[in-house]
Amino acid sequence: MTSRTSVRGRDYYFSTRDLVLIAVVSAAGGVLSTYVGYLGNLLNKAFGVPFGAGQWMAGLHVFWFVLVRVAVGRTGAGTLAGVIKGVVEMFTGSTHGLPIVFISAVEGLLVDVVLLPFRRPSLPALCLAGGVASASNVLVFQALYFSGVSWGYIALMTLFAFGSGVVFGGYFADGVLAILEEARIIRLKAKSSAAGMPPSRTQGPAASTGAPEANAPGAAAMAPTASGAPTAAGAAAGTGAEAWGAAGTRARARAEVEPIARRSSRRSSKTRLALTLLMSLALAGGAVYYYVEVFEPFWTGPTCSVEGKVANPYVYRPADFENEAVTVMAELKGQVTYVPPTEYTGVPLARIIEKARPDVSAARVRVLASDGYEAEFGLDDIMKNRAVILVRDAENLRLIATGYEGGCWVRMVTRLVVE
């Protein structure tokens with residue numbers, strides 16, 4: 001897989017098979033990025049914070065770059081995978097737009113840089129590459145969207161992201177590579193021994209028994225003279241024979257220990273295989289649920305369902321409310337992102353809910369996004385505030401929560417649930 005492709009005497013760095021592998025794996029990573037974001041939002045919700053805890057899932061973004069880099073075996077594969085994944089992610093509904101391509105490319109580049117010295121990276125090297133690449137997304141985001149967040153909080157998020165990269169970009173990726181290699185789907189370069197030398201081999205029966213062979217050094221010299229006394233040369237060679245015997249004893253000890261080490265290694269491999277399969281099944285099951293129950297494809301156009309404790313549930317479409325749009329001036333003050341006062345034009349959330357005729361017992365409204373993110377408001381507060389509006393944002397809907405903190409502004413809105 002790692003050999004160069006030659007066409008009419010011209011050498012190419014990546015073979016056709018390499019390029020296909022990079023494209024397929026990167027595209028899969030890009031498509032699944034919204035699912036990873038959904039998992040991150042679930043963690044944020046579980047910990048009761050608008051962001052930060054979701055960095056525990058950040059390693060799943062760099063998993064694809066580590067996988068490609070090791071499978072192809074060439075520096076640059078990670079960077080190329082990062083660019084492709086970023087482009088696919090941007091066109092499949094990323095809320096970050098063009099910057100996500102840069103962020104993804106940086107992650108892939110760092111995987112290449114960390115793994116540059118290794119012909120076949122070991123597990124610690126993969127964990128380091130995954131951790132560094134995953135942690136970089138926090139710093140790059142902060143550089144692009146700086147809003148004065150404390151460096152202590154940024155350090156904490158970076159630590160979360162690094163740990164996630166170690167687990168998913170290192171340990172999990174190595175397990176998946178082992179499974180693919182065992183199934184002969186891919187072929188990887190052989191790992192070097194710890195000392196960089198091939199394993200030692202025992203030679204001849206002397207190595208296994210500890211007794212010198214007939215032609216071994218010192219064997220003939222130890223033969224006694226006719227008088228029965230050993231010659232001077234034989235006496236001198238006795239020390240060599242004793243050393244030979246000691247070497248044989250050590251060889252027998254190694255022969256007894258090596259099977260135990262092999263059994264321990266096999267048990268470790270089976271444990272890692274079981275954990276990798278368990279993680280794969282859990283992630284696959286979550287992905288099925290997300291794409292069946294939560295995900296709303298961006299190509300269906302900007303629509304939003306209004307449901308819950310309402311007498312008239314319906315699907316909101318901006319075109320149906322064109323005459324009721326208002327323009328507001330709003331400033332986004334988030335813990336990570338800051339947007340200065342800007343004019344936005346959209347339909348008041350109160351009017352959208354009003355058409356659904358909420359039940360008198362309803363007390364709150366939840367605004368849910370396609371990636372699982374949500375914000376919650378008091379129903380009475382929303383019905384009195386005409387400055388909280390739903391605007392069209394390209395092919396999505398976005399909630400402009402004028403007067404509320406940045407965590408209440410929601411992109412890619414797909415559902416309004418009155419409860």
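The values are calculated or read from the model by the stated rules, or taken from the named source; none is laboratory data. Quick caveat, the model's predicted, so the values are computed rather than measured. As a convention, Cβ positions derive from the backbone with ideal geometry for all residues, glycine included, and neighbour counts pool all protein chains shown.
Assorted remarks:
- The selection criterion, being closer than 25 Å to Gly40 by Cβ, out of contact with any strand residue (DSSP E or B) (no Cβ under 8 Å at 6 or more places or on another chain) and not small (Gly, Ala, Ser), holds for Glu395.
- Number of the exception - Ser147 against (1) of a type outside the set (Asp, Glu); (2) touching a strand residue (DSSP E or B) at 6+ places or on another chain (Cβ under 6 Å); (3) at pLDDT 95 or above: (3)
Table: residues versus (1) modelled with pLDDT of 95 or more; (2) within 30 Å of Glu395 (Cα to Cα); (3) in contact with a strand residue (DSSP E or B) (Cβ under 9 Å, 6 or more places away or on another chain).
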position	(1), (2), (3)
Ile84	yes, yes, no
Pro99	no, yes, no
Leu109	yes, no, no
Asp112	yes, no, no
Phe141	no, yes, no
Leu156	no, no, no
Leu159	no, no, no
Gly169	no, no, no
Asp174	no, no, no
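This table checks each residue for (1) part of a loop (DSSP other than H, G, I, E, B); (2) β-branched (Val, Ile, Thr).
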site	(1), (2)
Gly86	no, no
Ile103	no, yes
Val106	no, yes
Leu110	no, no
Phe118	yes, no
Ala133	no, no
Asn137	no, no
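- Restricting attention to the stretch 347-370, the residues that are over 15 Å from Arg398 (Cα atoms) and either outside the structural domain of Asp393 (by TED's automatic domain parsing) or among the β-branched types (Val, Ile, Thr) (or both) total 3.
- Hits in the stretch 386-399 (condition: of a type outside the set (Lys, Arg) and surrounded by fewer than 23 Cβ atoms within 10 Å (Cβ to Cβ)): Ala387, Val391, Asp393, Ala394, Glu395, Asn396
- When each of Pro358, Pro341 is tested for being within 30 Å of Gly54 (Cβ to Cβ) and either free of Cβ contacts under 8 Å to residues at least 40 places away in the same chain or in contact with a Lys or Arg (Cβ under 7 Å, 6 or more places away or on another chain) (or both), the lone residue that passes is Pro341.
- Count of residues meeting criterion [over 27 Å from the mean Cα position of the chain (by Cα), of a type in the set (Phe, Trp, Tyr) and either more than 18 Å from Ala356 (Cβ to Cβ) or surrounded by fewer than 17 Cβ atoms within 10 Å (Cβ to Cβ) (or both)] in the stretch 368-385: 0
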